[in-house]
Amino acid sequence: MLGKIGMDLFLLTLPIQLDIDDNLNWSFSFLSVLLQYRVTWKRGVTMTNKPIESKVISDQLRTQALDWALYEQAKNYALDYMKTVLDRPVYPTDAAIKNLAVFREKLPDQPADPYRVLEKLHQFGSPATVAQTGGRYFGFVNGGILPTALAAKWVVDVWDQNAALYVISPIVSVLEEVCEGWLVDLLGLPPNTAAGFVSGTSTASLCGLVAGRDHLLRRKGWDVSSRGLFGAPEIRVVLGSGAHSTVYKALSILGLGKDRLISVPTDEQGRMRADLLPELDNNTLLILQAGNVNSGAFDPFVEICTKARAADAWVHIDGAFGLWAAASPKLKHLTQGIELADSWSVDAHKTLNAPYDSGLILCRHRESLTQALHMTGSYIIYSENRDGMLYSAEMSRRARAVELWATLMALGRSGVAELIEDLQNKAAYFADCLRNEGFAILNEVCFNQVLVASDDSQQTKEMLKLIQSSGECWCGGASWQGKDVIRISVCSYRTTRQDIEQSAWAFVAAREKVRVG
Ligand SMILES: Cc1ncc(COP(=O)(O)O)c(C=O)c1O
C-alpha cells in the first residue's frame, strides 16, 4: 500500500524534480508524455491518464443516448407514417422523388443535430417510400409487416444483438432454436431438419446449394473446403427452365457455372415437366421450385422427388414465398412431396408478413449444412447450445429470429394457415374482378400470383405505366410465355376486398386511357 502511494507520489512530482535538475535537460513534451502515462493503482487495476476518446463526440453521444425525447420523436414520426400510409399514393409522387436531392450532399464535417437527422428523414424520406405496408402494393413478391412483429422489431432494435454465437446473445440463440422446431413442424419437414436465419432466399439458396454441392462431392471422396473445385469430380446440376434468377446467381457464385446446367422444360404454368426429367444419379444437384415468381405454380414434387430419392440425388427446393402453402390444410396439396427433398429456402418477409429482412435455409442434413458453413478462429467461442453462425454464410447477423418468433406467436398455427389462405382467396378475387371487366388472366391462380395481359403487348406496357403512376396501386411487369404481362402479387394481410376493387378499377381506367390514346 505504502509502496503504491510512494510510487504515485514519485511520478506525480517527477516533472518538478526534473525541472529543478537543469543538467538533465529533458524536454517538456517528454514530461507531458510521462504525465499522461502516470501510473496509478485503483482496485488492483493498473490505469493510465492517456486520453482514450475524443471528449467532445463521446460526451455528446452519451448525452444523446439518454435523451428520451429523441426516441419519442422517432416514435411520433413512425406513428405518423403508419397513420397516413393507407391514404397516400402507393408509389411516391414525382415531387417526393425530386426532393430526394436534399440527401445528395457532402458528408458533413461536423456531427449533425440528432433531431435534424430524424426530421430530414421524416420530411423527405417518408414521402419517397413505397407504401408497401398498405393494402394496394402488389409489386414483386413483397410482404406486409404484422403488427406484433413490427413492435417486436422495435424492441429488438433497442437490444441490438449480434446473432453469431450463443455466448454473444443467449436469447437469440434460444429463439432461433425454438423457431427451428416450430418451422419444421409447421411445414411438415423431416425431424432434425436444421434452420439457418439469413437475409433472404438468395442467401438461403446459396447456403442450401453449397451444402448439397459439398455433400455430393464428399461422397466421392472430395473435400471442397480443403481442395476447392480445382480438379474435383464433376457434378450435374438439373433445374427447371423457370428457376428464379437468384438460383442462377447462387450456382455461379458456387463455381457451378450457368452454361453447363441441365435445364428441364416447364409446362404452360411454369411447372417442371416431370416426363422430361433427365436420368438422375447420386452425382446430381436437382433444384425445384415451390411458387414460380410469375405464375405462383408449384413443381410436381411427389413424382420428381421420389425419383430423386431413389437415385440418391440432392434436391433443393426454392420455396421463397410458396413453401408456406405447406402450413395450410387447404393449400397443402400444392407442396405435397416437399418433405422428400434435402434442403429448402423460404422467406419469412414475403407471404408470412414478417419484417424485412428474413430468409431461412432449412436442411435435412444438419451436418452437411454446418460443415459447409463452418469456420474457426482462436477467439470464437462455440458452445453446447445453438451457435447461429454455423447455419448461415455470415458471422455477425441481426437478430431476425426474434421477429420471426413474434410473427409465429402472433399468428399461431391456425393464423399462419388463414393468412396464407386469405392471400390465395384475395388473388382469386382480384382475378375474378379483372376477368369480369374483360381482362385476360394468363395463369391458374393456384396461390397468390395473378398474370394479366391485354391483347397486344404495347397496350399492356402502356397500361402498366399508367397503373404504376396512378398512385392507386402498384404492380410490376414481366415477360410470360413470350408475352408482356402485368404481375399482381397479393402478399399482404392488409389488402381488403375494397383495396382489390379499387385496384381493379385502376386497371379499367388505365385501359380506357390507352384505348382513347
Ligand atoms: C421464387 C423466388 N426465389 C427467390 C427469390 C429471391 O428472394 P429474396 O429477394 O428474398 O432473396 C424470389 C423473390 O421474389 C422468388 O420469388
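Coordinate-derived values only; no laboratory data. Note that the structure is predicted; figures quoted are calculated from it, not measured. Glycine gets a Cβ as well: all are built from the backbone with ideal geometry, and neighbour counts include every protein chain shown.
Exposure proxy for ILE304, ILE441: other Cβ atoms within 10 Å of each Cβ, ordered fewest to most, give ILE441, ILE304.
Once every Cα of the range 62-131 carries one equal point scatterer and solvent is ignored, give the base-10 log of I(q)/I(0) from the Debye formula at q = 0.16, 0.19 Å⁻¹, two decimals. At q = 0.16, 0.19 Å⁻¹ the computed log10 ratios are -0.66, -0.86.
Here the gap between HIS374 and VAL56, fully extended at 0.36 nm per residue and compared with their Cα-Cα distance, gives a gain of 110.3 nm. Relative to the longest principal axis of the Cα atoms of the chain, helix 400-436 runs at roughly 30 degrees.
How big, in percent, is the set of alpha carbon pairs in the range 214-280 lying more than 21 Å apart? When every Cα pair of the range 214-280 is considered, 35 percent fall beyond 21 Å. Structural size metrics of the range 144-279, computed from C-alpha coordinates, are Rg and Dmax of 19.0, 53 Å.
Provide the percentage of antiparallel DSSP beta bridges, counting only those with both residues in the chain; round to the nearest 5.
Details: 26 of 42 bridges.
Percent antiparallel among DSSP bridges in the chain is about 60.
Built from the Cα atoms of the range 350-431, the convex hull projects on average onto 7.6 nm², one quarter of its surface area.
Compute the long axis of helix 2-20 from its Cα atoms, compare it with the longest principal axis of the Cα atoms of the chain, and write down the angle in degrees, 0 to 90, nearest 10. Once rounded, one gets 70 degrees. Note on the range 237-360: Cα-Cα pairs beyond 17 Å make up 55% of the total pair count. How big is the Rg/Rh ratio for the range 418-516, C-alpha atoms only, Rh by Kirkwood, two decimals? Taking Rg over the Kirkwood Rh, I get 0.94.
For the range 151-410, what percent of Cα pairs sit more than 22 Å apart? In whole percent, the long-distance tail amounts to 52. 3J(HN,Hα) along the range 74-80, derived from phi through the Karplus expression 6.51 cos²θ - 1.76 cosθ + 1.60 where θ = phi - 60°, amounts to 4, 4, 4, 4, 4, 5, 4 Hz, with x in place of Gly and Pro.
The count of lysine pairs in the range 418-516 that are at least 8 places apart or cross chains, and whose C-alpha atoms lie under 17 Å apart, stands at 4.
Given R₀ = 25 Å, FRET efficiency for VAL508-MET82 by Cβ-Cβ distance, to 0.05? FRET efficiency, VAL508 to MET82: 0.25.
Note on SER479, SER202: ascending count of other Cβ atoms within 10 Å places them as SER479, SER202, the fewest first. Between helix 457-470 and the chain there is an angle of about 50 degrees, using the helix long axis and the longest principal axis of the Cα atoms. Overall, the chain carries a charge dipole of about 200 debye about its Cα centre when +1 sits on the Cβ of Lys and Arg and -1 on the Cβ of Asp and Glu, all other atoms neutral.
Which value in Å is the Kirkwood Rh of the chain over different Cα pairs? It works out to 26.5 Å. Listed from fewest to most Cβ neighbours within 10 Å, the set VAL315, VAL247, VAL174 follows the order VAL174, VAL247, VAL315.
Working note: 222 nm ellipticity from helices only, DSSP H runs with n ≥ 4, each -39,500 (n - 2.57), summed and divided by the residues of the chain, gives -13500 deg cm²/dmol to the nearest 500.
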